[in-house]
Amino acid sequence: MKRYAAFLRGISPMNAKMPEIKKAFERAGFEDVRTILSSGNVVFAAAASPAATLEREAEAAMKKHLGASFLTFVRPVNALRGLLASEPYEAFGVEPRAKRVVTFLRLAPKANLVLPIELDGARILLVKRTEVLSDYVPGPRGPVFMRLIEKTFGKDVTTRTWDTVCKVAR
């Protein structure tokens, strides 16, 4: 069995309860299911499979057991650990008060992006296949980085703070 992490788009305590998400994953046949925080992070064990297969299985199980499905992004836990160990932000001079975020994509971008891409204090710094590393300095204009991410990659993405990815990969 291999360990995977699933990041669900659009989860909040108002629209889905994590114990119910956990049950849906268990009913899909995933094992040793744990939820982390209340923002749609699930770690589980499954036979080695392509991420797309696991994403479809998780989405179908949520639809069946919750009556709603959430766009799901699956990554092997070991791949997340490798990303974290690579310390990718070191090369970019991230301000101490900046928030570091990772955006998960289903497919690698087709276009070659000229990086960094900046908007009102938010920066897309690096794209590693289906992970996008960004930073932003919190300010009065709210989550500017999400406008930048969605403008660049569309809305079929999900984003987590670096700290959340660390917790999921433990």
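The values are calculated or read from the model by the stated rules, or taken from the named source; none is laboratory data. Because the structure is a prediction, the values reported are computed rather than measured. Positions of Cβ are generated from backbone atoms using ideal geometry, with glycine treated the same way; all protein chains shown enter the neighbour counts. Accessible surface areas use protein heavy atoms only, side chains included; no ligands, DNA or RNA. Shrake-Rupley method; radii C 1.70, N 1.55, O 1.52, S 1.80 Å.
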Tally, over segment 127-147, of residues that are more than 16 Å from GLU95 (Cβ to Cβ) and either modelled with pLDDT of 95 or more or open to solvent by 70 Å² or more (accessible area, probe 1.4 Å) (or both): 10
Flag if ALA61 is open to solvent by less than 40 Å² (accessible area, probe 1.4 Å), over 18 Å from THR161 (Cα atoms) and assigned to a loop (DSSP other than H, G, I, E, B): no
Qualifying residue in segment 28-43 (condition: among the polar types (S, T, N, Q), farther than 15 Å from THR164 by Cα and either in a loop (DSSP other than H, G, I, E, B) or open to solvent by 40 Å² or more (accessible area, probe 1.4 Å) (or both)): no
Lone qualifier among ARG97, ARG123, ARG81, ARG106 - being in a loop (DSSP other than H, G, I, E, B), over 13 Å from the mean Cα position of the chain (by Cα) and in contact (Cβ under 8 Å) with a residue 12 or more places away in the chain: ARG97
Contacts under 6 angstrom Cβ, first residue in segment 14-30 being within 23 Å of ALA48 (Cβ to Cβ), partner of a type outside the set (A, V, I, L, M) and open to solvent by less than 20 Å² (accessible area, probe 1.4 Å), 6 or more apart: PHE25/PHE44; PHE30/PHE44
Hey, GLY121 farther than 28 Å from ALA52 by Cα and surrounded by fewer than 15 Cβ atoms within 10 Å (Cβ to Cβ) or not: no
Of residues in segment 66-85 being of a type outside the set (A, V, I, L, M, F, W, C) and at pLDDT below 95, the one surrounded by the most Cβ atoms within 10 Å (Cβ to Cβ): SER69
Selection within segment 86-116 - open to solvent by less than 50 Å² (accessible area, probe 1.4 Å) and farther than 23 Å from ARG75 by Cβ: ALA98
Among the candidates THR164, THR152, THR159, residue that is among the hydroxyl-bearing types (Ser, Thr, Tyr), closer than 23 Å to GLY40 by Cβ, out of contact with any helix residue (DSSP H, G or I) (no Cβ under 6 Å at 6 or more places or on another chain) and open to solvent by less than 20 Å² (accessible area, probe 1.4 Å): THR164
Pairs, first within 17 Å of MET1 (Cα to Cα) in segment 44-61, second open to solvent by 10 Å² or more (accessible area, probe 1.4 Å) and part of a loop (DSSP other than H, G, I, E, B), C-beta under 7 Å, six or more apart: PHE44/PHE30; ALA45/MET1; ALA45/PHE30; ALA46/MET1; ALA46/PHE30; ALA47/MET1; GLU57/ALA28; ALA58/ALA28
Filter result (surrounded by 14 or more Cβ atoms within 10 Å (Cβ to Cβ), at pLDDT below 95 and of a type in the set (A, V, I, L, M)) within segment 1-17: ILE11, ALA16
